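Encoded as structure tokens, the structure appears first; notes follow it.
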Amino acid sequence: MTAIADIPALSRQKDAATALLARKRLVAFAAPVVILAYFVYLFFAFDIPDLLERARMDNAAVLVADSYSHKTHITHDNRTGGLSIAIEGENKGTYPEGMTPDFVTLTGESTARVVLTAGENAEIDGPTLRYTVPGYGTVTATVEGREILLETPDGAVPDWISAGSSRVTISGKGGRASVTRARTEVFRYSFGWELFWFTLDSPFYGKLPTELLRLALSGDRVVADKSNLAAIVHDVWNNAMWRHKDVLWAIFETVLMAFLGTMGAAIVALPLAFLAARNFTPVAAARFGVRRLFDFVRGVDGLIWTIILSRAFGPGPLTGSLAILLTDTGSFGKMFSEALENVDNKQIEGIASTGAKPLQRYRFGVIPQITPVLLSQVLYYLESNTRSATIIGAITGGGIGLLLTQAIITQKDWEEVAYYIILIIAMVMVMDWFSGWLRRRLIAGDESGR
Amino acid sequence: MTETALGHDAESPKLREAYTAMTRTRQMYGGIVLIVFVAMMTSGFMLADSRNAGGFWGGILNIFIFPGEVVSEAAEKVALLPALMVKFFPSLIETVNIAAASTLVGALAAIVLSLLSTRGLARFPRLIPLFRRLMDISRAVPEIVVALVLIFVLGGGPVPAMIAIAFHTTGALGKLFSEVNENASLKPIEGLASVGASWTQRMLLGVVPQVAPNWLSYALLRFEINIRASAILGFVGSGGIGYDLKNAFSWGQGRYDEVAAIFILLFLTIVFFDQLSSHYRNKLVGKS
């Protein structure tokens, strides 16, 4: 028997294998260490301690609570007198005279009782507010000339009441209330997106779906000059609170930007790709020029194109489309020219042997070969550009991106933000599904001999 | 022989007719699709044009005004550009850091999710649809949505952008990773299982060595995409070079030298990382 070390060739192999194993082991240990070290560096580079200090978790709580509930403001105007009830305190959500939600009882011209959740209730008596918490007692706050007086059962101010000389805020478990010189206000949270279908001024407000169905089918007209179904659709479509019309238009604009941008880029990129492909353009200088053009357009990136174009075209969907078009012309051009360089010459020769002219050779010899690649890339980009169009819309001002940024900047319409987010996700998922479906249909169709 | 040949002859006019009819319908369908497509493009373009603040034909003539202003101002102050680039370099590093961190975090999460949602590898086979839907949803969320909400809670800075991009990256890479995983051979895993390896050990020792090159190559491509995303998110409100660009931009004329410096930096960075990533991707995929 010969020892392995005796055979020089084998021993060399053994050394190489040992070295390889050692290297692999080193990588296996080093990779996690490097990643960990990078995270430690980031911890300081991104200033995480400071961030944790600045983080507004109360904002997060408001955001989450507001996204699935709405609040009703019951307000007494301390300057001009008069009581008003409004959803989210907005003009378009104000209850008309004589209409109140079931948790508010009007007991006089300027007095009201509000039943809050968690067993709490509040009473507005002109400028005076009485807020009752079970097991604690009644807190009274009232406006006296230029001062606001606060009275608690035990004389101390608990931490859920913030008392100042110009504003008293009570944050109970079942609601909130605030008293300022200008107004005495109670906020009550209720579950759900109120007024999503009908606003308060619509005759259909508060009706059950079955009632609506019956109304839609019946001939007695609720609104004089319209059939009931048309009136229902009109009231939902023109809902001033949720603006369904504007929102759907915005979604459509975003999809339009993605569609025009992607398809436009494909149309522009295809002929240019022929110029950039080695087997179709023998002139090296032209090839080089077109390729650098692709690189340049891609490198400048959507962000810069968006800024430049919005200067020229102003805000709107056209700017977004053109920005997508420009950026993707570079990406498509690069991919298409690579696909063109990989086409099989035999098919082109075959077409040429039948006496086809150059244009026919391209049409029947080249295009069928690259369509699957082309289509799948274009459709993939269509989906990804729907997302880009949302972001570009936020920058240039167009589409659902704009609505989303506006709703977030006001920092109070979180239920609208939640609505937009759901719509955006649904939009992207539908586009994803649609592009996948189209891709399967078209490419399968291609293989079957088209 | 003669019979079949004769039979063939008799059938051939019918065949030819059927063939031409089929070709004609195909051509007709193709024509209809083309017409519909052209109609959609033109009407869509006209609609976009009418809903835009400035029209296309008015804008196309002005398209070089702004770049012209930037270039001429940059040319005037060309001596200042290097200093400005140095000034904005830390922000650029931040942008690249956001991209790198989010790619890393997203890829790590994607690895776990993709292993959990690949048939044959999943730890809890019943929960595969759940993990797939999770990936679908996180893939569908545009970065800006998460970023804007997080800016409200966490304040500005790089972290909201990082989390937002990582969230989307998780879904995008998760899908690609699970496609890679599906092609992994199950034999090493069976071997490891037979010696009593736990699920984590089977994945780490049996699957990861098979798929790591492809994972890395996809992650590099993502990194390239994420650099662009992190620059854009900076413009919307988080940190990095995008934020500086927005500020320089809102100063208006007189500060366009800063805009030019940032444009150049951003362009060079994107091209550099494009080249770097495509070089390593070719190497990785060529090797496997």
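The values are calculated or read from the model by the stated rules, or taken from the named source; none is laboratory data. Quick caveat, the model's predicted, so the values are computed rather than measured. Virtual Cβ from ideal backbone geometry, glycine too; neighbours counted across all protein chains shown. Note: accessible area is taken over every heavy atom of the protein model, side chains too, but ligands, DNA and RNA are not part of it. Shrake-Rupley method; radii C 1.70, N 1.55, O 1.52, S 1.80 Å.
Below, the figures for the structure above:
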{"item": "Computed Kirkwood radius, in angstrom, where 1/r is averaged over Cα pairs of chain A", "result": "28.8"}
{"item": "Computed label-point distance, nm, for sites A:Ser11 and A:Asp159 using a 7 Å Cα→Cβ extension", "result": "7.7"}
{"item": "For chain A, calculated [θ]222 nm from helices alone, where every DSSP H run of n ≥ 4 adds -39500 (n - 2.57)", "result": "-19500 deg cm²/dmol"}
{"item": "Computed accessible area, A:Asp47, all protein chains, 1.4 angstrom probe, square angstrom", "result": "70"}
{"item": "Leading residue at positive end of dipole, the protein assembly as shown (Cβ point charges), from A:Tyr41, B:Ala18, B:Leu176", "result": "B:Ala18"}
{"item": "Size descriptor, Kirkwood hydrodynamic radius, that averages inverse alpha-carbon separations across chain B, Å", "result": "23.7"}
{"item": "Residue-averaged beta-carbon neighbours from other chains (10 angstrom radius) around A:319-331", "result": "2"}
{"item": "Within 10 Å of each Cβ in B:257-265, the average number of Cβ atoms from other chains", "result": "1"}
{"item": "Value of D in µm² per second that Stokes-Einstein yields for segment A:14-150, Kirkwood Rh from Cα pairs, at 20 °C (1.002 mPa s)", "result": "103"}
{"item": "Shape category assigned to segment A:69-191 from the gyration tensor of Cα positions, a/c cut at 1.5", "result": "oblate"}
{"item": "Whole-number percent relative contact order across segment B:69-287, with pairs defined as alpha carbons under 8 Å at least 6 apart", "result": "30"}
{"item": "Computed accessible area, A:Thr138, all protein chains, 1.4 angstrom probe, square angstrom", "result": "50"}
{"item": "Cβ-Cβ FRET estimate between A:Ile48 and A:Asp246, R0 fixed at 25 Å, reported to 0.05", "result": "0.05"}
{"item": "Per-residue mean of C-beta atoms belonging to partner chains within 10 Å, peptide A:53-64", "result": "3"}
{"item": "Cβ-derived FRET efficiency at R0 60 Å, A:Glu109 paired with B:Val208, nearest 0.05", "result": "0.20"}
{"item": "Fluctuation leader among A:Thr319, A:Thr142, A:Thr80 - chain A, Gaussian network, Cα springs under 10 angstrom", "result": "A:Thr80"}
{"item": "Label point distance in nm, B:Asn282-B:Met22, each placed 7 Å from Cα along Cα→Cβ", "result": "4.3"}
{"item": "Exposure rank, largest accessible area first [B:Ile241, A:Ile443; 1.4 Å]", "result": "A:Ile443, B:Ile241"}
{"item": "Charge dipole magnitude, Cβ of K and R +1, D and E -1 - the protein assembly as shown, Cα centre, debye nearest 20", "result": "2540"}
{"item": "Under 11 Å, Cβ to Cβ, from A:Ala356 - net charge with Lys/Arg +1 and Asp/Glu -1", "result": "+2"}
{"item": "Debye equation applied to the C-alpha atoms of segment A:26-67, log10 I(q)/I(0) at 0.22, 0.33 Å⁻¹", "result": "-0.74, -0.98"}
{"item": "Exposure of A:Met427 as accessible area (Å², to 10), given a probe of 1.4 Å and all protein chains", "result": "10"}
{"item": "Prolate/oblate/rounded label for segment B:36-112 (Cα gyration tensor, a/c 1.5)", "result": "oblate"}
{"item": "FRET efficiency for A:Leu217 and B:Trp57, using Cβ-Cβ distance with R0 set to 60 Å, rounded to 0.05", "result": "0.75"}
{"item": "Debye log10 I(q)/I(0) at q = 0.19 Å⁻¹ for segment A:304-415, Cα point scatterers", "result": "-0.94"}
{"item": "Heavy-atom accessible area ranking, 1.4 Å probe, most first, across B:Tyr19, A:Tyr420", "result": "B:Tyr19, A:Tyr420"}
{"item": "Cα-projected label distance for B:Ile35 with A:Gln411, points at 7 Å along beta-carbon direction, nm", "result": "5.7"}
{"item": "Potential lengthening between A:Arg440 and A:Arg167 on full extension [0.36 nm per residue; Cα-Cα distance subtracted]", "result": "91.9 nm"}
{"item": "Heavy-atom accessible area ranking, 1.4 Å probe, most first, across B:Val149, B:Val211", "result": "B:Val149, B:Val211"}
{"item": "Debye, to nearest 20: dipole size of segment A:301-450, +1 on Lys, Arg Cβ, -1 on Asp, Glu Cβ", "result": "460"}
{"item": "Diffusion constant of segment A:244-447 at 25 °C, which comes from Stokes-Einstein with the Kirkwood Cα-pair radius and 0.890 mPa s, µm²/s", "result": "133"}
